[in-house]
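In what follows, a structure is listed as structure tokens, so that the remarks can point back to it.
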Amino acid sequence: MRIVLIGPPGAGKGTQARVLAGLLAVPAISSGDLFRAETSRGSALGELVRRHTDAGELVPDELTATLVTRRLREPDAADGFLLDGYPRTVGQSELLERALDEDGTVLDAVIALDLPDDEIVRRLTGRRVCPACGTTVHTVFSPPRVPDRCDGCAGPLVRRADDTEETVLRRLAVYAEQTVPLLRWYTDRELLRPVDATGTVPEVCDRMRSALSLGAR
Ligand SMILES: [Zn+2]
């Protein structure tokens with residue numbers, strides 16, 4: 001199956017991408033991973049990617065599409081793939097559609113994880129990290145044994161600047177602005193499968209299976 005997975009920050013998209021890719025026995029492919037791999041190889045394209053990311057700019061759609069298309073044409077993706085968080089915009093989805101069309105293939109479905117804003121805020125603002133050893137906890141979902149202290153090294157836990165309510169709400173606004181047209185685009189193509197992302201990882205996974213008509217485990 002050829003699947004695109006879309007989801008807001010805090011919806012557990014990375015985790016669900018791994019689970020679903022394993023289930024479908026296809027590679028999970030994210031543009032962020034492709035950027036990192038290409039820059040660490042030091043290729044000409046990697047240097048181009050680095051120039052944009054170093055300047056704090058988005059990598060241009062055409063460049064991202066080149067990297068994604070090349071990855072989709074590798075042998076392990078011949079029978080299917082799961083694109084994790086790509087495309088993000090209608091422009092990117094048009095480039096993807098064109099590349100698949102050249103290969104004589106189409107997407108089977110686009111899964112859109114759906115989570116209420118207040119739940120996203122609750123999940124993201126509760127995250128705490130230990131700057132000393134990198135341990136991550138959550139004040140609600142995985143609280144440390146001693147409040148505000150790292151279980152690993154007993155150092156003080158801090159909240160990242162990205163995880164304040166104000167920043168989370170701003171990220172959600174950007175996500176909605178980009179994603180609403182994208183969801184409409186895939187609805188028009190009868191590919192969109194909205195999936196409720198509340199609850200546990202196995203619960204969400206079961207809903208994704210139903211959305212793809214994969215049957216029960
Ligand atoms: Zn620590």
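Among the residues of the stretch 163-217, those that are in a loop (DSSP other than H, G, I, E, B) and within 30 Å of T139 (Cα to Cα) comprise T164, A197, T198, G199, T200.
Would it be correct to say that L113 is in contact with an Asp or Glu (Cβ under 9 Å, 6 or more places away or on another chain), within 17 Å of T179 (Cβ to Cβ) and of a type in the set (A, V, I, L, M)? Yes, satisfied. Among the candidates L107, L100, L95, the residue that is part of a loop (DSSP other than H, G, I, E, B) and more than 30 Å from E165 (Cβ to Cβ) is uniquely L107.
Filtered by the rule that a residue be of a type in the set (V, I, T) and open to solvent by 30 Å² or more (accessible area, probe 1.4 Å), the stretch 13-46 gives T15, V19. List pairs: first residue in the stretch 88-101 and within 12 Å of Y186 (Cβ to Cβ), second residue of a type in the set (F, W, Y) and open to solvent by 40 Å² or more (accessible area, probe 1.4 Å) anywhere in the structure, Cβ distance under 7 angstrom, at least six positions apart or on different chains. So the pair list comes out empty.
Does G85 count as free of Cβ contacts under 8 Å to residues at least 60 places away in the same chain and among the small types (G, A, S)? Against the criterion (free of Cβ contacts under 8 Å to residues at least 60 places away in the same chain and among the small types (G, A, S)), G85 does not qualify.
Taken over the stretch 130-146, the criterion of being more than 9 Å from the ligand (Cβ to nearest atom), under 22 Å from I120 (Cα atoms), part of a loop (DSSP other than H, G, I, E, B) and over 21 Å from the mean Cα position of the chain (by Cα) is satisfied by T139, V140, P143, P144.
The values are calculated or read from the model by the stated rules, or taken from the named source; none is laboratory data. All values derive from a computational prediction rather than experimental measurement. Using ideal geometry, Cβ is built from the backbone for each residue, glycine included, and neighbour counts are taken over all protein chains shown. SASA here: full protein model, heavy atoms, side chains in, ligands and nucleic acids out. Shrake-Rupley method; radii C 1.70, N 1.55, O 1.52, S 1.80 Å.
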